[in-house]
Amino acid sequence: MKRISYALVLPLICSSLISCSSSSKQAGSKPGKGYVTKGNGSFTLQPYKEVTLENGLKIVFIRDMTLPRLSLTLMFKTGSVQETEAKAGLNALTAYLLEQGTQSRNAMKVADDFGQLGSSLDVSPGADVTTVYADSLSTGSDFLLDLFVDVVMNPAFKDAEISRLRAQMLAGLQKKIDNPSSYADDRMDQYLYGAHPYARDVNGTPEALRGVSKQDIIKHYLTFYRPNNASLAVVGSFGDDFEKRVEEIFGKWTKRTIPVVNTEAPPVIDDLKVKLIVKKGLQQTQIRISGLGIARSDEDYLRLRLANEALGGGFASRLNQKVRDDLGLTYSIYSYFDVRKERGSFDVSTFTKNETAGKTLEEALKVIRDYSEQGAQEPEVAGARSQLIGQFPRAIETADRLAYNILALDFYGIPVDYLTDFNKNVGAIKATEANKAFKKAVDPSKLKVLIYGDEKIIPQFEKYKPEIERMK
């Protein structure tokens, strides 16, 4: 179960960036030659320009003169999916090492140079993609560009930095075990996805991470961190000369043939399966309910977003109203579709007192069954529809978000019209359509349940004939 803060960051962010403006230009912006404006009259995206270099790198330029700043976002179309189970954590280690020294700058020099710009490098490895981001005042644009290019194109991968970062990642993996919620999330991933890469933490496993060599890192970088496997967004206050400089510098990057990586399919779920992980002394019980969901490209994506909003996506949702408000079994319960490049998951997450663990699971499953069988009523869907549309304008705050959305939509193969037509398309979804999509995507009799709590909760789940794992 990938947390909303990460696994779904990508697809969820992609759901809502648009400019609520009937004008083709935002105040203070100067589009320039080659810039296009896309919109449907009531919603118009800020003008942007797309260029694809000979080496395959796609660049999105967005000029925003409202602030004297510039940002660079590079999205590599690689993640933990491109690594083997035996080398789990390879991509994350490779990504983090980008900011730990280049051929001409050691780690301290890289940090100091970014510090002089009042900036830092943000590296985010994921399951499907890896992003590298930095920004600065526009007065430092040329220096920022040179530094950014040096980091992503000339990494040093020094032995000392590899050892230091590996130790940090191992410590982080160990620390997650001490957090019951994070541990339950990770174990649910493993239970649901089996041998598929989505089962693993993007930072890998301790055993595999210890076995990653410097040669593995270099090979992974040279194979997947290529211009023809990436896209770049340039946002801020800049002119034609800077655009040409960006294209010239990144045009020197050497492309390579990107191998196709085949993944093992997640296990088939043929009935309701329950697994208990018990550890003496836990004060609360973590409950996770998951099933295989959809890929981001699925035609039912928007219908399922709407259906889920009514089920467990908002404060007024059925799960929250029944399990939290009416029965008082938890402080928090929510559901979501974790959509990805490949088939993602449908997830329900909650926690409760050990004494009410069985009751909480029973009531949550009942809500899901009733929702699947009977569907949501039009007032529920209307409320969910208003919620999604009402949240939509929040994503127009920055040009950076627009740029990121354009990159992400391109990665998933989704037309940019998804942004301009979002409100219209959500507004047109009927309750019957949302209900039908949910019933098709989620079978309450074919789900996996993971329970993590004290061993004294075991009797509450006997009727499910659970698999039991005892931890020391």
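The values are calculated or read from the model by the stated rules, or taken from the named source; none is laboratory data. All of these numbers come straight from a predicted model, not from anything done at the bench. For neighbour counting, all protein chains shown are included, and Cβ atoms are generated from backbone atoms with ideal geometry for every residue, glycine included.
Out of Ser386, Ser349, I need the residue that is in contact with a Phe, Trp or Tyr (Cβ under 7 Å, 6 or more places away or on another chain), under 17 Å from Glu309 (Cβ atoms) and among the hydroxyl-bearing types (Ser, Thr, Tyr). Which one?
Ser349
Which condition does Arg226 not pass, out of (1) within 22 Å of the chain's Cα centre (by Cα); (2) over 30 Å from Lys252 (Cα atoms), if it passes all the others?
(2)
Of all residues in region 345-375, which are out of contact with any Leu (no Cβ under 8 Å at 6 or more places or on another chain) and within 24 Å of Ile414 (Cα to Cα)?
Once the filter is applied, which keeps residues that are out of contact with any Leu (no Cβ under 8 Å at 6 or more places or on another chain) and within 24 Å of Ile414 (Cα to Cα), region 345-375 yields only Asp347.
Taking the condition modelled with pLDDT of 95 or more, surrounded by fewer than 22 Cβ atoms within 10 Å (Cβ to Cβ) and of a type in the set (Phe, Trp, Tyr), does Phe250 pass?
Taking the combined requirement at face value, the residue does not satisfy it.
Output the residues belonging to region 329-357 that are surrounded by fewer than 20 Cβ atoms within 10 Å (Cβ to Cβ) and not charged (D, E, K, R).
Hits for region 329-357 are Tyr331, Ser332, Tyr334, Asn354, Thr356.
Mind checking which residues of region 201-227 are of a type in the set (Lys, Arg), touching a residue at least 24 places away in the same chain (Cβ under 8 Å) and under 18 Å from Lys77 (Cα atoms)?
Arg226, the sole residue that qualifies.
So Ile258 ticks every box in (1) more than 30 Å from Val442 (Cβ to Cβ); (2) part of a helix (DSSP H, G or I) but one. Which box is left unticked?
Unmet condition: (2).
State yes or no: is Gly211 modelled with pLDDT of 95 or more, out of contact with any Gly (no Cβ under 9 Å at 6 or more places or on another chain) and under 29 Å from Ala111 (Cα atoms)?
yes
Could you grab the pairs with beta carbons closer than 7 Å, sequence gap of 6+ or different chains, first residue in region 133-145 and farther than 14 Å from Ala111 by Cα and assigned by TED's automatic domain parsing to the domain that holds Leu74, second one assigned to a helix (DSSP H, G or I) and not aliphatic (A, V, I, L, M)?
Ser141/Phe242; Leu145/Arg245
Residues being part of a strand (DSSP E or B) and either surrounded by 20 or more Cβ atoms within 10 Å (Cβ to Cβ) or touching a Gly at 6+ places or on another chain (Cβ under 8 Å) (or both): count how many of those fall in region 417-472.
6
Would you mention how many residues in region 61-120 are hydrophobic (A, V, I, L, M, F, W, C) and within 30 Å of Tyr193 (Cα to Cα)?
12
Hey, which of the helices (runs of 4 or more DSSP H) in region 282-396, taking only ones fully inside, have at least 2 residues that are touching a residue at least 24 places away in the same chain (Cβ under 8 Å) and in contact with a Ser or Thr (Cβ under 6 Å, 6 or more places away or on another chain)?
357-374
If Val323 satisfies every condition in (1) of a type in the set (A, V, I, L, M, F, W, C); (2) within 28 Å of Gly281 (Cα to Cα); (3) within 23 Å of the chain's Cα centre (by Cα) but one, which is the exception?
Result: Val323 fails condition (3) only.
In contact with a strand residue (DSSP E or B) (Cβ under 7 Å, 6 or more places away or on another chain) and within 19 Å of Arg200 (Cα to Cα): which single residue out of Asp128, Asp135 fits that description?
Asp128
If we keep just the residues of region 39-71 that are assigned to a loop (DSSP other than H, G, I, E, B) and under 25 Å from the mean Cα position of the chain (by Cα), which is farthest from Asn423 (Cα to Cα)?
Ranking the candidates gives Gly56 first.
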